[in-house]
Amino acid sequence: MTARIIDGKAIAKKLRAEYAERIVALKAKHGVVPGIAVILVGDNPASEVYVRNKISACRETGIHSELVRLPADAPEAEVLARIDALNADPAVHGILVQLPLPPHIDVPKVLERIDVSKDVDGFHLYNVGALVVGNTVFPPCTPFGVQKLLEHENVPIEGRNVVVVGASNIVGKPMALMLMKQEATVCICHKKTRNLGMFTRLADILVVAAGVPGLISADMVKEGVVVIDVGINRLPDGRLVGDVDFEDVRHKASLITPVPGGVGPMTITMLLHNTLGSAERSVAAKV
């Protein structure tokens with residue numbers, strides 16, 4: 001068996017085209033253009049790249065974007081004040097604070113200052129907690145992207161054994177909750193899990209977000225498994241690789257995501273999805 005590769009770029013392109021049509025219709029019918037504001041504190045090179053990619057994706061789909069750039073030594077109070085102003089701006093439907101923040105800034109306090117109705121990253125305590133009861137306003141973008149990939153490939157979730165490797169608040173935990181809502185049987189593993197392969201070999205669907213290059217090898221999965229590799233790691237030779245040994249595992253899996261080009265493009269696409277959804281809800285509230 002050789003796995004069929006899930007093309008995240010192609011799926012993201014298709015979804016973005018659909019969003020662009022909805023944005024045109026929203027503007028034509030209601031005169032509303034979805035808007036997102038990105039707050040960037042400092043000059044972290046990786047953050048600069050991520051923000052540039054997000055703004056570019058917004059431009060391509062017709063979403064208005066605003067970059068709020070603050071110096072690395074900006075007081076926490078200034079960041080909070082900027083968020084307050086954006087919360088009150090009806091033209092801004094989504095607010096994103098690019099992480100990481102400088103160490104003198106309290107990240108939870110900043111994220112919880114964002115209006116829940118504009119928390120398009122899905123990091124506000126309400127949105128994270130609401131996943132438990134299945135009533136979140138905005139799902140976190142990366143696990144939401146994984147969910148959309150599985151939907152696109154018609155992978156059945158109900159009753160399946162799913163193993164999530166990685167227990168972060170950004171990917172692992174929300175991913176598990178979202179899959180449980182779809183009635184999967186979910187096991188969460190992490191860096192202190194003993195005999196990891198004993199768990200991963202049970203998986204019908206394996207989602208790996210551990211940040212360890214090549215962590216999952218072919219002997220750790222069963223024939224026909226669906227593998228979603230969320231990891232992205234840069235090796236000393238400059239190559240980008242995932243947490244799964246792609247060439248090894250692809251010969252046992254039925255479906256597998258590549259790195260890059262798998263989950264990555266879907267994360268930004270779900271940010272667009274959430275921003276558009278926020279704009280559409282704001283219009284519906286006024287009707």
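Here are the numbers for the structure shown:
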read-out: Residue 221 vs. criteria buried (at least 22 other Cβ atoms within 10 Å of the Cβ), out of contact with any Lys or Arg (no Cβ under 8 Å at 6 or more places or on another chain), of a type in the set (A, V, I, L, M, F, W, C) and modelled with pLDDT of 95 or more; value: no
read-out: Answer residue from segment 1-37, given it is acidic (Asp, Glu) and under 19 Å from the mean Cα position of the chain (by Cα) and is nearest to residue 152 (Cα to Cα) among those; value: 7
read-out: Given (1) touching a helix residue (DSSP H, G or I) at 6+ places or on another chain (Cβ under 9 Å); (2) crowded, with 21+ Cβ neighbours inside 10 Å, index of the condition residue 187 fails; value: (2)
read-out: Pairs where the first residue, in segment 267-287, is more than 17 Å from residue 121 (Cα to Cα) and the second is surrounded by fewer than 24 Cβ atoms within 10 Å (Cβ to Cβ), C-beta under 6 Å, 6+ apart; value: 283/30; 283/32
read-out: In segment 149-165, the residues that are of a type outside the set (A, V, I, L, M) and more than 11 Å from residue 228 (Cβ to Cβ); value: 151, 152, 154, 156, 158, 159, 160, 161
read-out: Number of positions in segment 266-287 that are buried (at least 22 other Cβ atoms within 10 Å of the Cβ) and either within 26 Å of residue 207 (Cα to Cα) or modelled with pLDDT under 95 (or both); value: 9
read-out: Identity of the residue in segment 106-131, among the aliphatic types (A, V, I, L, M) and in contact with a strand residue (DSSP E or B) (Cβ under 6 Å, 6 or more places away or on another chain), that ends up surrounded by the fewest Cβ atoms within 10 Å (Cβ to Cβ); value: 110
read-out: Residues (on the phi > 0 side of the Ramachandran plot, surrounded by fewer than 23 Cβ atoms within 10 Å (Cβ to Cβ) and modelled with pLDDT of 95 or more) located in segment 132-169; value: 154, 159
read-out: Residues of segment 38-58 satisfying the condition of being in contact (Cβ under 8 Å) with a residue 12 or more places away in the chain and within 17 Å of the chain's Cα centre (by Cα); value: 38, 47, 50, 51, 53, 54, 55, 57, 58
read-out: Complete set of residues in segment 230-261 that are surrounded by 18 or more Cβ atoms within 10 Å (Cβ to Cβ) and either part of a helix (DSSP H, G or I) or outside the structural domain of residue 150 (by TED's automatic domain parsing) (or both); value: 246, 249
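The values are calculated or read from the model by the stated rules, or taken from the named source; none is laboratory data. Nothing here was measured: the structure is a model prediction, and the numbers come from that model. All Cβ positions, even for glycine, are placed from backbone atoms using ideal geometry, and neighbour counts span all protein chains on display.
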